[in-house]
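As structure tokens, the structure follows; a few thoughts come after it.
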Amino acid sequence: MALSASARLLGNPDNAPLLTVPADVETRALLAQVLTARIRPHLAAARVGPARLPDCGGLELFLLNADFPHDALSAGEMDWALNEPSYWLFCWASGLAQARRILAEPELVRGKTVLDFGTGSGVVAVAAALAGARRVVACDIDPVSLEATAANAALNGVTLELADDFFDIDEHFDVLFGADVLYDVANRGFLPAFLDRADDVWLADSRVKGLTAENYRKIDTIEAETLPDLNEFDEFRQVSLYRGRRV
Ligand SMILES: C[S@@+](CC[C@H](N)C(=O)[O-])C[C@H]1O[C@@H](n2cnc3c(N)ncnc32)[C@H](O)[C@@H]1O
């Protein structure tokens, strides 16, 4: 089953976007089944199912089961989890913080074009669409992340566009978001490109506390948690919010 029901891959005009209403019970079950099948070869005890995010106005995501036994992984599973992590199984603390902020202050995105870089589950992209963004592109290099994002768009009844390569997106955006994407030092190289691509850049990060980069400044520190809970160090619950502006 193709998971592109409510999203289309950028540059693929035949895969037309379909506006959806929130998925019905049968569709939810089917989407959960498809995403679970994606992960089972790697994590035998994994289930993917819809979870309602706290303080996000009813936003739901397909996430890893909260009772997943993280401390009982086989050597093969551990190897997979360390080397090819499926980030989309979690809503990372920074994504949750950004989504809450967007939903609490919809004027940040209402009527605007939005790019979500490193979308993972699509949490920020879905929040922007729910908050009234005119157009939302969700970008991730992981193709399964884009499937999960499409499923999460369907779950919440919003339309998103999908992109697998930041540099294939030619357009200029009003706002660009990136949540927990700076863990990979290579991604810091994107900082100037983000400012070329958007008027306003909002980066949230639970790992990088003191980013120093030209035209970016720290705005705030927000408390948020990764879902399902990974029992991470308290310091990873402190999300740094940075804003980039072209001068
Ligand atoms: C830690 S996850 C965060 C996901 C989501 N933003 C959230 O907060 O829940 C980081 C995501 O960035 C994606 N990513 C990393 N480098 C990327 C790149 N160069 N281009 C697009 N996506 C990238 C990964 O595949 C992963 O899905």
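Pull up region 185-219, narrow it to residues that are among the hydroxyl-bearing types (Ser, Thr, Tyr) and either touching a strand residue (DSSP E or B) at 6+ places or on another chain (Cβ under 6 Å) or in a helix (DSSP H, G or I) (or both), then point me to the one that is nearest to the ligand (Cβ to nearest atom). Filtering region 185-219 for residues that are among the hydroxyl-bearing types (Ser, Thr, Tyr) and either touching a strand residue (DSSP E or B) at 6+ places or on another chain (Cβ under 6 Å) or in a helix (DSSP H, G or I) (or both), the one nearest to the ligand (Cβ to nearest atom) comes out as 206.
Return the residue satisfying two criteria in turn: it lies in region 62-76 and is more than 15 Å from the ligand (Cβ to nearest atom) and among the aliphatic types (A, V, I, L, M), and of such residues it is farthest from residue 155 (Cα to Cα).
Narrowing region 62-76 to residues more than 15 Å from the ligand (Cβ to nearest atom): 65-76.
Going one step further and asking which of them are among the aliphatic types (A, V, I, L, M), we end up with 66, 72-73, 75.
Working: 66: 19, 72: 30, 73: 29, 75: 34 Å.
Checking each candidate, the answer is 75.
Restricting the search to region 35-76, which residues are acidic (Asp, Glu) and outside any helix (DSSP H, G or I)?
Selection gives 55, 60, 67.
Suppose we filter 116, 174 for residues that are near the ligand (Cβ under 9 Å from one of its atoms), touching a residue at least 12 places away in the same chain (Cβ under 8 Å) and assigned to a strand (DSSP E or B); which single one remains?
Numbers: 174 fails: near the ligand (Cβ under 9 Å from one of its atoms).
Step by step, each of 116, 174 is checked, and only 116 is near the ligand (Cβ under 9 Å from one of its atoms), touching a residue at least 12 places away in the same chain (Cβ under 8 Å) and assigned to a strand (DSSP E or B).
Checked against (1) more than 21 Å from residue 220 (Cβ to Cβ); (2) part of a strand (DSSP E or B); (3) under 9 Å from the mean Cα position of the chain (by Cα), residue 121 passes all but a single condition, namely (2). Of everything in region 77-113 that is in contact (Cβ under 8 Å) with a residue 60 or more places away in the chain, away from the ligand (no atom under 13 Å from the Cβ) and in a loop (DSSP other than H, G, I, E, B), the residue that is surrounded by the most Cβ atoms within 10 Å (Cβ to Cβ) is 109.
Residues in region 233-242: is at least one assigned to a strand (DSSP E or B) and of a type in the set (Lys, Arg)? Within region 233-242 (the criterion being assigned to a strand (DSSP E or B) and of a type in the set (Lys, Arg)), the answer is no, since none of the residues qualifies. Within region 173-185, the set of residues being surrounded by fewer than 22 Cβ atoms within 10 Å (Cβ to Cβ) and modelled with pLDDT of 95 or more comprises 174, 175.
Given the structure, is residue 193 buried (at least 16 other Cβ atoms within 10 Å of the Cβ) and farther than 19 Å from residue 102 by Cα?
Details: buried (at least 16 other Cβ atoms within 10 Å of the Cβ): no; farther than 19 Å from residue 102 by Cα: yes.
So residue 193 does not fit the description; no.
If you take the residues of region 132-145 that are away from the ligand (no atom under 12 Å from the Cβ) and crowded, with 24+ Cβ neighbours inside 10 Å, which of them is nearest to residue 109 (Cα to Cα)? Outline the logic, then answer.
So in region 132-145, the residues away from the ligand (no atom under 12 Å from the Cβ) come out as 132-136.
After this cut, where a residue has to be crowded, with 24+ Cβ neighbours inside 10 Å as well, the list is 133, 136.
Working: 133: 5, 136: 10 Å.
So the residue we want is 133.
Take residue 148 and decide whether it is within 15 Å of the ligand (Cβ to nearest atom), within 22 Å of residue 36 (Cα to Cα) and crowded, with 24+ Cβ neighbours inside 10 Å. Yes: the conditions hold for residue 148.
The values are calculated or read from the model by the stated rules, or taken from the named source; none is laboratory data. In this text the structure is predicted, and so the values were computed from the model without any measurement. As a convention, Cβ positions derive from the backbone with ideal geometry for all residues, glycine included, and neighbour counts pool all protein chains shown.
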